[in-house]
Amino acid sequence: MEEIKKKYKEICKLFDENNPCGYSSKELDDVIECVGELPEALKFFYKKYGKTFSFFQDELMLPSKYPARLNDDYLVFFNENQGICQAAVKKSDVSLIDPPVYISVDDNEWNLAADKLSDFMVAMYGYQASIALEYNPEDIFFVSREEQKKIEERFTKRPETIKGWIDKKYEIILYGNDNGRIALMDMDGEDDIQMTYAANSEEELERMESLLSDIGEAI
């Protein structure tokens, strides 16, 4: 669990959050009574951070709040803001500390999104940060494959990604440090990639924009 806790602290650093708020033991006990069990990596996140980041466009949820999933093979814990897709863990994996995460867009077919739940969380909140951090250009950009190479050269690529977001085709690729994130939405087979980026300080945004000055076209 120490490695998982370290990953989650990266999210707080990114959002400059010093007073996280989570669900109470009673609230989680009620969820567990309803759904059976939760993986330790998810349970810890709910308890420590579950109520902290409520302003995101996409939604972290308790599995018991998604009743359509209570009788199938998955526990949904994350919902795209328009309900286009959901992220879940297999019920058969709840005894694992840090199980794989799967994404569905059609209620039936589930595809692997991340090998570890903790990596999914860091990637998803990194993606949210690229949109929601205070200092951002308030635009979405198209980036070419050649421009992506420049990003690779100028920024640190994050190890965590999310596969199959939105319509099973998009991969979320992330770059940045504790002060900002660049997110690329890469749909295999398309020439252009969607890019968002943001920072938790004006200085970091200026640094990012100086390195991105010749990259991207606002949509």
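Taking only protein heavy atoms and a 1.4 Å probe, what accessible area per residue, in Å², does the range 100-211 have with all protein chains in place? All intermediate terms of the calculation are to be shown ahead of the outcome.
Details: 5110 Å² over 112 residues.
Computed with neighbouring chains in place, this is 46 Å² per residue.
Which FRET efficiency value, to the nearest 0.05, do you get for SER144 and GLU3 by plugging their Cβ-Cβ distance into 1/(1 + (r/R0)^6) with R0 = 45 Å?
Working: r = 36 Å, r/R0 = 0.80.
According to the calculation, E is roughly 0.80.
Put a dot 7 Å past each Cα toward the Cβ at LYS51 and GLU202; how far apart are the dots in nm?
3.4
Quick check on the chain: helices-only [θ] at 222 nm, where DSSP H runs of length 4 and up contribute -39,500 (n - 2.57) each and the sum goes over total residues. Nearest 500, please. Each step should come with its number before you reach the end.
On the way: 6 runs with 70 residues, N = 219.
Result for the chain, helices only: -10000 deg cm²/dmol.
Report the label-to-label distance for GLU59 and SER25 in nanometres (one decimal), using points 7 Å from each Cα along the Cα→Cβ vector.
2.9
Hey, what D do you get for the chain in µm²/s if you plug the Kirkwood alpha-carbon radius into Stokes-Einstein at 10 °C and 1.306 mPa s? Provide the component values of the computation, followed by the final result.
Working: Rh = 17.9 Å.
Approximately 89 µm²/s, per Stokes-Einstein.
Is the shape of the range 1-125 best called rounded, prolate or oblate, per the rule: a/c under 1.5 gives rounded, else a/b larger than b/c gives prolate, else oblate, with a ≥ b ≥ c the square roots of the Cα gyration tensor eigenvalues?
rounded
Running a GNM on the chain with Cα contacts under 10 Å, which residue among GLY126, GLY83, GLY180 ends up with the highest mean-square fluctuation?
Ranking GLY126, GLY83, GLY180 by mean-square fluctuation puts GLY83 first.
Which percent of the accessible heavy-atom area of the range 152-198 goes to carbon and sulfur, probe 1.4 angstrom? Write down the numbers at each step before the final one.
Working: 770 of 2150 Å².
Result for the range 152-198: 36 percent of the exposed heavy-atom area is carbon or sulfur.
Starting from the amide H of ALA198, placed 1.01 Å from N in the peptide plane, find each other amide H under 5 Å away whose residue is 5 or more places distant or on another chain.
Residues meeting the criterion, in which the H sits 1.01 Å from N, are ARG181.
Report, in listed order, any pair from LYS48/LYS163; LYS26/LYS157; LYS13/LYS157 with a Cα-Cα distance greater than 29 Å. Numbers along the way, then the final one.
Details: LYS48/LYS163 26 Å; LYS26/LYS157 39 Å; LYS13/LYS157 17 Å.
Pairs exceeding the cut-off: LYS26/LYS157.
The range 129-152 to the range 33-51: how many Å between their Cα centroids?
32
Taking amide H positions as placed 1.01 Å from N in the peptide plane, with prolines and chain starts having none, which residues 5 or more places from THR52, or on another chain, fall under 5 Å of its amide H?
CYS21
The values are calculated or read from the model by the stated rules, or taken from the named source; none is laboratory data. The structure presented is a predicted model; accordingly, all values stated were derived computationally and were not measured. Positions of Cβ are generated from backbone atoms using ideal geometry, with glycine treated the same way; all protein chains shown enter the neighbour counts. The protein model used for the area step is the full one, side chains on, heavy atoms only, and it has no ligands, DNA or RNA in it. Shrake-Rupley method; radii C 1.70, N 1.55, O 1.52, S 1.80 Å.
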